[in-house]
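The values are calculated or read from the model by the stated rules, or taken from the named source; none is laboratory data. Note that the structure is predicted; figures quoted are calculated from it, not measured. Don't worry about glycine lacking a Cβ; one is built from the backbone with ideal geometry, like all the others, and counts go over all protein chains shown.
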Amino acid sequence: MKFKYKIIKQIENFIKDANLTEINIGCSNSQIIRIEKSNKIYFLKIADEGVLTSEYEKLKWLKGKIKVPEAILYKKEAGVEYLITEALLGEMLCSDYYLENPNEGIPIIVDAFKQIYKVDIKDCPFKVDLDYKLKLIKYNIDNGLINKNNISSATLKKFGSLDNIYKYLLENKKLAEDELYFSYGDTSLPNIFASDNKFLGFIDVGECGIAEKWFDIAIVIKSIIRNYGEHFTKEFYKKIGIEENKDKIDYYLLMMELYL
C-alpha cells in the first residue's frame, strides 16, 4: 500500500496485520483506505489539516442521536489529519437489490427522513442554512473553485454565467426559506444504508447541521429519480405525508449544481 501522507505511529499500530485497500476518490489532497482486521471493517481517511475536522466533530455530536459510523481514532499531526471510522455493514439503497426492488427501498428512505427529523437542533452547533450555502457558493465562484462540468448545459444556457445563477439564487431566497430542521446535507441513496430491509444509518456527515428541510428532500428526490425512476417520487411524498413543492425542489436542485 502506497500512502500519500506520512503514517504516524498510532495509525501504523492500528493497521498492522490488516488487509488494506485504497478507495480512489479522485482527490489529490486526501486518501481513503479500507481496513479489514479481526473480522471487522474500518475506513481510514487521511487529509490536509482542516479537511476532516468538521466530519470528526459532527460524528461526535451525532453519536446517540442517529446511526452514523463510529469514530475510532482521530489525530492531527504536522499539518495532516487522520480519522478512522467503523464501517456500517448494511447495503446502500442504490445497491443492485434495491435498484431491482425500489418498492422496498422507498419505505426505508422515509424512515431515514423520520430519524433525521427526530434530531433536536436546540443544541446543534453546526449551521448550514440558506445563508451559509449562498455564502459558500459565492466564495467558490469568486475563487474559481466550481467545476463547470458539473453544471448542466441547460442551466448554463438559461443563465449564461455562474454569477447570474448566484444572482438568481440570492434574489429568490424566499422560494426556499422554510422552517429550520436538522439536515443531513447529502441524503442521496449511496449515503443511506439498510440491513434486513430496515434503515441502518447514514454515511458522509460533512454537510449536516441546521438547515431548511427541503434541501434534503430535493437531494433525495433527485437520487430517487436517478436510481429508481420518477414514478417513485410520488411514493416517497405519499409515505412521508407531505405535498410536493416544486418551487422549493427546483430552487435547491439549481443550488446543488453549484454547491455539491
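When region 42-78 is filtered for residues that are among the aliphatic types (A, V, I, L, M), surrounded by 15 or more Cβ atoms within 10 Å (Cβ to Cβ) and farther than 29 Å from residue 120 by Cβ, the ones remaining, listed by number, are 44, 46, 47.
Of all the numbered requirements in (1) touching a Ser or Thr at 6+ places or on another chain (Cβ under 7 Å); (2) under 27 Å from residue 157 (Cβ atoms), residue 218 misses one, and that requirement is (1). In region 186-208, of all residues being part of a loop (DSSP other than H, G, I, E, B) and within 25 Å of residue 97 (Cα to Cα), the one that is modelled with the lowest pLDDT corresponds to 204. Would you mind stating whether residue 124 is closer than 29 Å to residue 231 by Cα, modelled with pLDDT of 95 or more and not aliphatic (A, V, I, L, M)? Judged against the criteria, residue 124 is not a match. Condition check for residue 10 on (1) of a type outside the set (A, V, I, L, M, F, W, C); (2) closer than 26 Å to residue 183 by Cβ; (3) in a helix (DSSP H, G or I): one failure, at (2). Within the set 145, 156, the sole residue that is in a loop (DSSP other than H, G, I, E, B) and surrounded by fewer than 17 Cβ atoms within 10 Å (Cβ to Cβ) turns out to be 145.
Is it the case, given these coordinates, that residue 84 is within 22 Å of residue 179 (Cα to Cα), surrounded by 19 or more Cβ atoms within 10 Å (Cβ to Cβ) and either at pLDDT 95 or above or out of contact with any His (no Cβ under 6 Å at 6 or more places or on another chain) (or both)? Here the answer is no, as residue 84 does not meet what is asked.
Residues of region 58-96 that are free of Cβ contacts under 8 Å to residues at least 24 places away in the same chain, on the phi < 0 side of the Ramachandran plot and outside the structural domain of residue 209 (by TED's automatic domain parsing): 60, 63, 70, 71, 74.
Residues in region 237-247: is at least one within 26 Å of residue 134 (Cα to Cα), in the same structural domain as residue 107 (by TED's automatic domain parsing), in contact (Cβ under 8 Å) with a residue 24 or more places away in the chain and assigned to a helix (DSSP H, G or I)? Within region 237-247, one or more residues are within 26 Å of residue 134 (Cα to Cα), in the same structural domain as residue 107 (by TED's automatic domain parsing), in contact (Cβ under 8 Å) with a residue 24 or more places away in the chain and assigned to a helix (DSSP H, G or I). Listed by first and then second residue, the pairs linking a residue in region 163-192 that is within 14 Å of residue 251 (Cα to Cα) to a residue that is exposed (fewer than 14 other Cβ atoms within 10 Å of the Cβ), with Cβ atoms under 6 Å apart and 6 or more places separating them unless they lie on different chains, are 175/247.
Restricting region 1-36 to residues that are within 14 Å of residue 80 (Cβ to Cβ) and basic (Lys, Arg), which is modelled with the highest pLDDT? Of everything passing the filter in region 1-36, 9 is modelled with the highest pLDDT. Only one of the numbered conditions (1) under 19 Å from the mean Cα position of the chain (by Cα); (2) farther than 22 Å from residue 247 by Cβ is not met by residue 163, and that is (1).
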